[in-house]
Amino acid sequence: MQPSSEGLVELRTLRDVRGNLTFIESGQDLSFAIERVYFLHSVPEGSERGGHAHKELKQLLVAVCGSFDVILNDGTVTKTIRLSDPSKGLLIESMVWRELKNFTDQAVCLVLASEQYDEADYFRNYDEFLIAVKD
Ligand code: TYD
């Protein structure tokens with residue numbers, strides 16, 4: 001799996017007249033073992049998610065339905081990626097501040113994560129994140 005410069009990973013997808021089938025396997029499509037799966041859904045118009053970074057956690061985000069913006073900030077560079085294609089995943093490494101916004105109606109954000117939930121792994125304060133990332 002080689003992410004593009006934007007962090008986008010082309011997911012293996014079988015396409016035929018019956019529809020598309022996309023699959024993700026640890027070790028082949030992902031550099032980490034999947035420890036947790038969660039998904040954001042029924043996100044109200046105008047709602048924003050994220051607003052944090054992780055010390056160790058790595059994640060792959062997939063817009064399995066609809067679309068939304070992911071704003072990534074590594075402490076130096078900020079970039080915005082609009083996810084809209086279920087056959088592409090966005091790899092977010094550790095120590096990257098992320099915000100998710102501009103969800104379309106019925107959008108679903110699937111997240112494959114390298115660790116189980118641990119609040120101690122979060123930076124929820126941007127200034128604290130900036131200090132840590134520049135260290
Ligand atoms: P958070 O990661 O801040 O979600 P978002 O960035 O989408 O707003 O988590 C929101 C709340 O949900 C927080 O109280 C922790 C809880 N949570 C879990 O209990 N388990 C999980 O796997 C996740 C992702 C969150």
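Per-residue answers, yes or no, for (1) under 20 Å from GLU56 (Cα atoms); (2) within 16 Å of the ligand (Cβ to nearest atom); (3) of a type in the set (Phe, Trp, Tyr):
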| residue | (1), (2), (3) |
| --- | --- |
| ASP69 | no, yes, no |
| ASP74 | yes, no, no |
| ARG82 | no, no, no |
| MET95 | yes, yes, no |
| GLU99 | yes, yes, no |
| THR104 | no, no, no |
| SER114 | yes, yes, no |
| GLU119 | yes, yes, no |
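Rundown of residues vs (1) surrounded by fewer than 18 Cβ atoms within 10 Å (Cβ to Cβ); (2) over 12 Å from the mean Cα position of the chain (by Cα); (3) within 13 Å of the ligand (Cβ to nearest atom), yes/no style:
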site	(1), (2), (3)
ALA63	no, no, no
ASP85	yes, yes, no
GLY89	no, no, no
TYR122	yes, yes, yes
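Which of the residues that make up region 89-113 are out of contact with any Asp or Glu (no Cβ under 6 Å at 6 or more places or on another chain) and either assigned to a loop (DSSP other than H, G, I, E, B) or among the polar types (S, T, N, Q) (or both)? Within region 89-113, GLU93, MET95, PHE103, THR104, ASP105, GLN106, ALA107 meet the criteria. Could you check, for region 37-44, whether at least one of its residues is surrounded by 14 or more Cβ atoms within 10 Å (Cβ to Cβ) and at positive phi? No, region 37-44 contains no residue that is surrounded by 14 or more Cβ atoms within 10 Å (Cβ to Cβ) and at positive phi. For region 48-61, a residue qualifies if it is of a type outside the set (A, V, I, L, M, F, W, C) and either within 11 Å of the ligand (Cβ to nearest atom) or within 12 Å of the chain's Cα centre (by Cα) (or both), and the qualifying residues are GLU48, ARG49, GLY50, GLY51, HIS52, HIS54, LYS58, GLN59.
Every read-out reported here was derived from the displayed coordinates using simple, explicitly stated rules and does not represent laboratory data. None of the values given here were measured: they were computed from a predicted structure. Every residue, glycine as well, gets a Cβ built from its backbone with ideal geometry; the counts of neighbours run over all protein chains shown.
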